[in-house]
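Novice: The structure under discussion is supplied below as structure tokens; questions concerning it will follow.
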There are 4 protein chains.
Amino acid sequence: MPKETNGNAQTRLRPSEIQRRVLDAAFESVLRIGFRAVTVESISAETGIAKTSIYRRWPNKAAMVMDAFVFRIGPCIGFPPSDDHIGSIRKQMLALAKAFRGPAGTMIKALLGEAQFDVELAEAFRKHWLLPRREIAIAAVHVAINSGELRADVDVQVTLDALYGGLYYRLLTGSGPLSDTYVEGLFSHVIEGLRAVPRTPVSRAVEITQRKRSR
Amino acid sequence: MPKETNGNAQTRLRPSEIQRRVLDAAFESVLRIGFRAVTVESISAETGIAKTSIYRRWPNKAAMVMDAFVFRIGPCIGFPPSDDHIGSIRKQMLALAKAFRGPAGTMIKALLGEAQFDVELAEAFRKHWLLPRREIAIAAVHVAINSGELRADVDVQVTLDALYGGLYYRLLTGSGPLSDTYVEGLFSHVIEGLRAVPRTPVSRAVEITQRKRSR
Amino acid sequence: MPKETNGNAQTRLRPSEIQRRVLDAAFESVLRIGFRAVTVESISAETGIAKTSIYRRWPNKAAMVMDAFVFRIGPCIGFPPSDDHIGSIRKQMLALAKAFRGPAGTMIKALLGEAQFDVELAEAFRKHWLLPRREIAIAAVHVAINSGELRADVDVQVTLDALYGGLYYRLLTGSGPLSDTYVEGLFSHVIEGLRAVPRTPVSRAVEITQRKRSR
Amino acid sequence: MPKETNGNAQTRLRPSEIQRRVLDAAFESVLRIGFRAVTVESISAETGIAKTSIYRRWPNKAAMVMDAFVFRIGPCIGFPPSDDHIGSIRKQMLALAKAFRGPAGTMIKALLGEAQFDVELAEAFRKHWLLPRREIAIAAVHVAINSGELRADVDVQVTLDALYGGLYYRLLTGSGPLSDTYVEGLFSHVIEGLRAVPRTPVSRAVEITQRKRSR
DNA sequence: GGCTAAGCGAGACGGTACGTCTAGTCTTGGG
DNA sequence: CCCAAGACTAGACGTACCGTCTCGCTTAGCC
């Protein structure tokens, strides 16, 4: 008979269980009371897991919350498939904006805010959040260029910064809503000018996408 | 004989002098040791001005540093004039990127980072930094539309988010340099597609501007 | 036409009016919120009289409250006349105990407490409160000795310390009530042994005084 | 080999050692610079023990000094044995007066002064200083009554208030010396009148005790 | 199968800064 | 000249977390 998780309630927690409980509590706490109000001590008190055990795993609160974010959100926001490669970028932008409106947005605001004061956190954020998504997007744009959807002289990095920069700008400055309409506009304003075969005016593109959505 | 500022070194500081000294010290300290390391107490110690006097004017460190930023940077980054209205936006972007590479960039990173946890600071940052510049840019785009440089169906807000969002994205994520070349690329990728009379490929525009700069 | 108090509300207060208002406010405030909570600033705020004007008259809070005490209480607790000189001491003790149970007790607790840390206040308290009363009591005891009520070898100071010390002890330590019964007991326990013609046991004296009071 | 106290100077202090150092420093500081001038911060600075650690044990300065008093003085002033029970009270009064003339007097003045503004301190002072001594004295008086030294109708509380009240009165008001002669006088003035078999005049009793002491 | 090393909870520790409070001084401007 | 108004320096207050540490106890894993 394998030992299993051991039914004895008094038993010590397995390391993986400790990690799970801490990250869950951290995630929920950030959403509930905000990153600033969350404390290693408060997580310790809430979970009953000793501060020592938390500090053994993460050097500080930021690293812990970063892990909580990756643990819970990281893998969730994929890159939706699409017939055309350009359209798949549009779809990813819509998915990202939707995420920004929910818990993930709260976490990203906090983590990117904190990252301005913590180079290790900044590095981790780039590595675990920004780069994975960016690489997929880069590939999509490359394919779009190679397939003739976009011009050959398009600069991939610049294009993606224009597309995604707008989303992050609104998230971080709170200077406007992250609505689907906004995302469509952002996408069409940037992309239409980069197409190999130019389309009609941008606003028409917006109208089209809006018409589509209302169906 | 007017009383004047009074040459007596022993005299008490005038309120405006207190404000100036505190803001100067705050500004320099943020650049030297970083926002996190700056403390109301350290500013008090450095300037010899009582903590009480600082707290009488600003509710907390963030508000004080925000004021220091406005006091020292705020009015400096203007909107360079240009023959064409679109060109003036390009010039402002270049000026902004240059500022981002210097002290202003350090301050903005700190303030925007902190603003993620402080709604009052966020509001102040929008009011004193983002909006004034945005309004000038909006006007420039409107004029460009009315004069026929840009299409009539261009969405001003979306366009500016695409242009400036990229700059703030790189500033805050550190995901790439804020070089003039990058700015030119960002500008041309977004703008060329929005012109009433389409131009040649974006990369050609980049080449042109680069040629200009090398002269 | 004499100037009078001047109906103009805007007129400046006369010095004596300032003193009266400050002392009244100080007295009431000590009773209402306690000596510790009273502040020169709070008195200033309450009366609308500038801190400067208060500090011009009193060196600190303690001196101000001492004055308020003298101004309001000082003259109130007299030395009741009595047929026999000893009886007049008894009556003064009863009057003092009654005062101790009211506002005067609150003030004396505060002033004597504070006086433990402020020699000037201690001196003022002795001069304005303790000594005036003590001198009358000393005279009463002397007369009682000379008239043959008390023994010739009675030490006046010691006797008065025993009589009044008990009252102050209870006031300051809160180790028991300052009831009339207690005062009668204290008086008779000390005095009976000092009479030239010894009386019956002390408890009988207590019974007698109690009988008197019930009539 | 037992672990022992560990000779390593670099080791952290044991809790009991922290307590001892703080209380010692508090005691000495009160004597040296006075209760008012003593500060939790100054004790922290002097001992090198963190303010936090002090506040973890005591809620404020008064409680800390109270503990310092009990720790150093509390158990020292006993109740000297004597052949007769009344004489043992006299001896205790002499011992107490002697203590009042030294460091204990300084501490008691400060604590009882502060206790006028701090009910918790007042309670602690009664519990740790006044009551233990009072209970022994009560017992002594009871024995004296039962053995026939004192009258049966003597009120113990009143008697002790008369005896000890005088001592505290002089300590707190500074209205006279706390000399042995004074104590003898106080004792005999109060006690002689309460004896079952009356003695000669009080002043004679004083003379006798003085004669004894000069031998 | 017993010993050892590591992980664990609990929570005290030294530290830093917070934002508040009060004291007592000083300046300004009005009457 | 005296006042009110109120800003100023000075410095202690008591709190909150930080990240480190000791302390026993428990549990695995290694011999």
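Novice: Looking at the range D:36-51, I want the residues that are closer than 12 Å to D:ILE18 by Cα and near DNA strand E (Cβ under 9 Å from one of its atoms) and have a partner that is among the basic types (Lys, Arg) and modelled with pLDDT of 95 or more with Cβ atoms under 7 Å, at least 6 apart or on another chain. Which pairs are those?
Specialist: Pairs found: D:SER44/D:LYS51; D:THR47/D:ARG21; D:ILE49/D:ARG21.
Novice: Any idea which of A:ALA68, A:ALA25, A:ALA110 is modelled with pLDDT of 95 or more, over 26 Å from B:ALA122 (Cβ atoms) and within 16 Å of DNA strand F (Cβ to nearest atom)?
Specialist: Numbers: A:ALA68 fails: over 26 Å from B:ALA122 (Cβ atoms); A:ALA110 fails: over 26 Å from B:ALA122 (Cβ atoms).
When all the criteria are applied, what remains is A:ALA25.
Novice: Still on this structure, please answer the following. Inside the range A:8-73, counting only helices (runs of 4 or more DSSP H) that do not spill past its ends, which hold 2 or more residues that are at positive phi and not hydrophobic (A, V, I, L, M, F, W, C)? Can you show your working first?
Specialist: On the way: elements: A:15-33, A:40-47, A:51-57, A:61-72.
Helices (runs of 4 or more DSSP H) meeting the threshold: none at all.
Novice: Checking A:ASP118 against (1) within 13 Å of chain B (Cβ to nearest Cβ); (2) touching an Asp or Glu at 6+ places or on another chain (Cβ under 9 Å), only one condition comes out false. Which one?
Specialist: Of everything listed in (1) within 13 Å of chain B (Cβ to nearest Cβ); (2) touching an Asp or Glu at 6+ places or on another chain (Cβ under 9 Å), A:ASP118 misses just condition (2).
Novice: For the range C:204-213, state whether one or more residues are under 24 Å from D:THR181 (Cβ atoms), within 11 Å of chain D (Cβ to nearest Cβ) and either at pLDDT 95 or above or surrounded by fewer than 20 Cβ atoms within 10 Å (Cβ to Cβ) (or both). Before the answer, list the steps.
Specialist: First, pick out the residues of the range C:204-213 that are under 24 Å from D:THR181 (Cβ atoms): none.
No.
Novice: Which pairs have Cβ atoms under 7 Å, sit 6 or more apart or on different chains, and link a residue in the range A:13-35 that is farther than 22 Å from A:ALA99 by Cα to one that is buried (at least 21 other Cβ atoms within 10 Å of the Cβ)?
Specialist: Once the first residue is farther than 22 Å from A:ALA99 by Cα and sits in the range A:13-35, its partners that are buried (at least 21 other Cβ atoms within 10 Å of the Cβ) give A:VAL22/A:ILE43; A:VAL22/A:ILE54; A:VAL22/A:MET64.
Novice: Please state which one of A:LEU172, A:LEU186 is within 23 Å of A:ASP83 (Cα to Cα), aliphatic (A, V, I, L, M) and surrounded by 19 or more Cβ atoms within 10 Å (Cβ to Cβ).
Specialist: One residue alone meets the criteria, A:LEU186.
Novice: Turning to a different aspect of this structure: Can you find a residue that is exposed (fewer than 15 other Cβ atoms within 10 Å of the Cβ), touching a helix residue (DSSP H, G or I) at 6+ places or on another chain (Cβ under 8 Å) and at the interface with chain D (Cβ under 10 Å from one of its Cβ atoms) anywhere in the range C:125-136?
Specialist: no
Novice: Hand me the list of helices (runs of 4 or more DSSP H) wholly inside the range C:90-182 holding 2 or more residues that are charged (D, E, K, R) and in contact (Cβ under 8 Å) with a residue 12 or more places away in the chain.
Specialist: Working: elements: C:103-115, C:119-125, C:131-146, C:156-173.
So the answer is C:103-115, C:131-146.
Novice: Looking at B:ARG195, B:ARG199, which is the one that is closer than 22 Å to A:THR159 by Cα and either at the interface with another protein chain (Cβ under 9 Å from one of its Cβ atoms) or modelled with pLDDT of 95 or more (or both)?
Specialist: Numbers: B:ARG199 fails: either at the interface with another protein chain (Cβ under 9 Å from one of its Cβ atoms) or modelled with pLDDT of 95 or more (or both).
On inspection, the qualifying residue turns out to be B:ARG195.
Novice: Give me a count of the residues in the range C:49-64 that are near DNA strand F (Cβ under 6 Å from one of its atoms) and surrounded by 13 or more Cβ atoms within 10 Å (Cβ to Cβ).
Specialist: Of the residues in the range C:49-64, the ones near DNA strand F (Cβ under 6 Å from one of its atoms) are C:49-53, C:56.
Imposing the further condition that a residue be surrounded by 13 or more Cβ atoms within 10 Å (Cβ to Cβ) reduces the set to C:49, C:51, C:53.
Total meeting the criteria: 3.
Novice: In addition: With the requirement that a residue be more than 18 Å from D:LEU94 (Cα to Cα), more than 7 Å from chain C (Cβ to nearest Cβ) and not β-branched (Val, Ile, Thr), what does the range D:140-170 give you?
Specialist: Our first condition is that a residue be more than 18 Å from D:LEU94 (Cα to Cα); within the range D:140-170, this holds for D:142-158.
Next cut, more than 7 Å from chain C (Cβ to nearest Cβ) only: D:142-150, D:152, D:156.
Of everything in the range D:140-170, those that are more than 18 Å from D:LEU94 (Cα to Cα), more than 7 Å from chain C (Cβ to nearest Cβ) and not β-branched (Val, Ile, Thr) turn out to be D:HIS142, D:ALA144, D:ASN146, D:SER147, D:GLY148, D:GLU149, D:LEU150, D:ALA152.
Novice: Determine whether the range B:74-81 contains at least one residue that is within 17 Å of B:LEU121 (Cβ to Cβ) and at pLDDT below 90.
Specialist: In the first step, residues of the range B:74-81 are kept if they are within 17 Å of B:LEU121 (Cβ to Cβ); the result is B:74.
Applying the additional criterion that residues be at pLDDT below 90 yields B:74.
Checking the range B:74-81: at least one residue is within 17 Å of B:LEU121 (Cβ to Cβ) and at pLDDT below 90.
Novice: Next question, about the same structure. Looking at (1) within 13 Å of the chain's Cα centre (by Cα); (2) without any contact (Cβ under 8 Å) to a residue 60 or more places away in the chain, can you tell me which one B:ILE54 breaks?
Specialist: (1)
The values are calculated or read from the model by the stated rules, or taken from the named source; none is laboratory data. Note that the structure is predicted; figures quoted are calculated from it, not measured. FYI the Cβ positions are ideal-geometry reconstructions off the backbone, even for glycines, and counts take in every protein chain you see.
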